[in-house]
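The values are calculated or read from the model by the stated rules, or taken from the named source; none is laboratory data. Keep in mind it's a predicted model, so treat the numbers as computed, not measured. Note: ideal-geometry Cβ built from the backbone for every residue, glycine included; neighbour counts use all protein chains shown.
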Amino acid sequence: EAGVAQSPRYKIIEKRQSVAFWCNPISGHATLYWYQQILGQGPKLLIQFQNNGVVDDSQLPKDRFSAERLKGVDSTLKIQPAKLEDSAVYLCASSRGQSSNTEAFFGQGTRLTVV
Amino acid sequence: GQQLNQSPQSMFIQEGEDVSMNCTSSSIFNTWLWYKQEPGEGPVLLIALYKAGELTSNGRLTAQFGITRKDSFLNISASIPSDVGIYFCAGQLNSGYALNFGKGTSLLVTP
């Protein structure tokens with residue numbers, strides 16, 4: 001079974017530029033998460049989708065961050081405009097959904113550096 | 001989301017030693033998970049716990065779901081150099097809900 005795929009692996013941009021990340025979850029997984037991991041910290045949830053609907057986006061900085069999962073499979077996360085403090089690893093994870101005993105599996109992440 | 005308290009922050013041990021780390025929360029979680037993250041990689045699931053008091057093993061790793069549902073423990077027996085990495089605990093209210101992570105325990109193992 002293929003894991004969670006993310007691209008790109010690395011991205012360097014200047015502040016005020018825009019950037020987009022892509023995630024392809026494990027086949028059949030209804031729940032998709034985007035997490036932000038700042039160096040030295042644990043991952044922090046940005047947004048959670050159940051199929052193509054948003055379940056939780058309470059911690060997403062909506063003035064600059066947006067995410068979509070139009071067909072309930074792939075997802076994109078966008079930052080526009082980027083700030084220096086957005087430098088972090090952006091992790092995508094997926095799970096089967098809100099049934100019993102489902103674990104979340106992570107992709108390798110996209111490391112973003114804003115200069 | 002709630003940040004969990006994970007300790008110790010880092011450990012530096014010799015190969016063959018046993019390791020213990022724990023995670024506490026002020027809130028109840030119904031699922032506890034332990035992940036390992038190596039440099040440049042995403043977190044990899046090690047053990048998932050679903051019942052208070054549950055003790056689960058995965059090779060040399062053993063994890064327990066605290067009876068109060070506010071804590072969890074991870075033990076690694078007979079550590080080896082490839083155990084090096086950052087270990088994260090994560091609490092989940094229920095399956096399919098967001099994971100709340102600790103800050104991680106960094107483990108270094110010397111041969």
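Out of A:D63, A:D86, I need the residue that is exposed (fewer than 14 other Cβ atoms within 10 Å of the Cβ) and either away from chain B (no Cβ under 11 Å) or within 21 Å of B:Q92 (Cα to Cα) (or both). Which one? Lay out the reasoning, then the answer.
Details: A:D86 fails: exposed (fewer than 14 other Cβ atoms within 10 Å of the Cβ).
Among A:D63, A:D86, only A:D63 is exposed (fewer than 14 other Cβ atoms within 10 Å of the Cβ) and either away from chain B (no Cβ under 11 Å) or within 21 Å of B:Q92 (Cα to Cα) (or both).
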In this structure, does B:A98 turn out to be within 14 Å of another protein chain (Cβ to nearest Cβ) and under 12 Å from the mean Cα position of the chain (by Cα)?
no
From the list A:R9, A:R16, A:R111, exactly one residue is within 14 Å of chain B (Cβ to nearest Cβ) and loosely packed, with under 15 Cβ neighbours inside 10 Å. Which is it?
A:R9
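Residues checked against (1) of a type in the set (G, A, S); (2) in a loop (DSSP other than H, G, I, E, B):
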site	(1), (2)
B:S26	yes, yes
B:I47	no, no
B:K51	no, yes
B:T56	no, no
B:A78	yes, yes
B:G91	yes, no
B:K103	no, yes
Those residues of the range A:88-103 which are over 17 Å from A:N52 (Cα atoms) and modelled with pLDDT of 90 or more, in sequence order
A:A88, A:V89, A:Y90, A:L91
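Tell me, which residue of the range B:1-23 that is in a strand (DSSP E or B) and more than 14 Å from chain A (Cβ to nearest Cβ) is farthest from the chain's Cα centre (by Cα)? Please lay out each step first, then the result.
Within the range B:1-23, the subset in a strand (DSSP E or B) is B:5-7, B:10-14, B:19-23.
Narrowing the set further to residues that are more than 14 Å from chain A (Cβ to nearest Cβ) leaves B:11-14, B:19-20, B:22.
Details: B:M11: 13, B:F12: 16, B:I13: 17, B:Q14: 20, B:V19: 11, B:S20: 9, B:N22: 7 Å.
Looking at the filtered set, the residue picked out is B:Q14.
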Just give me the residues in the range A:10-41 being modelled with pLDDT of 95 or more and within 30 Å of B:P8 (Cα to Cα), in sequence order.
A:Y33, A:W34, A:Y35, A:Q36, A:Q37, A:I38
Residues of the range B:64-76 being out of contact with any helix residue (DSSP H, G or I) (no Cβ under 9 Å at 6 or more places or on another chain) and either in a loop (DSSP other than H, G, I, E, B) or among the aliphatic types (A, V, I, L, M) (or both), which ones?
B:G66, B:I67, B:T68, B:R69, B:K70, B:L74
Looking only at the range B:10-25, count how many residues are under 14 Å from B:F101 (Cβ atoms) and not hydrophobic (A, V, I, L, M, F, W, C).
2
Kindly check whether there is at least one residue in the range B:102-110 that is of a type in the set (S, T, N, Q) and more than 14 Å from chain A (Cβ to nearest Cβ).
yes
A careful count of residues in the range A:69-80 that are farther than 11 Å from A:F21 by Cα and touching a Ser or Thr at 6+ places or on another chain (Cβ under 6 Å) gives 2
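Looking for whichever is loosely packed, with under 13 Cβ neighbours inside 10 Å, within 14 Å of chain B (Cβ to nearest Cβ) and either under 17 Å from B:P43 (Cα atoms) or among the acidic types (D, E) (or both) here; the options are A:L32, A:L39, A:L91. Which one fits?
Working: A:L32 fails: loosely packed, with under 13 Cβ neighbours inside 10 Å; A:L91 fails: loosely packed, with under 13 Cβ neighbours inside 10 Å.
Going through A:L32, A:L39, A:L91 in turn, the sole match is A:L39.
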Residue match in the range B:29-45 (condition: more than 12 Å from chain A (Cβ to nearest Cβ) and part of a loop (DSSP other than H, G, I, E, B)):
yes
So, first residue within 7 Å of another protein chain (Cβ to nearest Cβ) in the range A:43-55, second residue among the hydrophobic types (A, V, I, L, M, F, W, C) and in a strand (DSSP E or B), Cβ within less than 7 Å, six or more apart or across chains; the pairs are A:P43/A:L91; A:P43/B:F101; A:Q48/A:V55
Residue count for the range A:66-83, restricted to those that are without any contact (Cβ under 8 Å) to a residue 60 or more places away in the chain and either among the charged types (D, E, K, R) or surrounded by fewer than 16 Cβ atoms within 10 Å (Cβ to Cβ) (or both):
7
Please go through the range B:66-95 and give me each residue that is more than 15 Å from the chain's Cα centre (by Cα) and facing chain A (nearest Cβ under 9 Å), ordered by number.
B:N94, B:S95
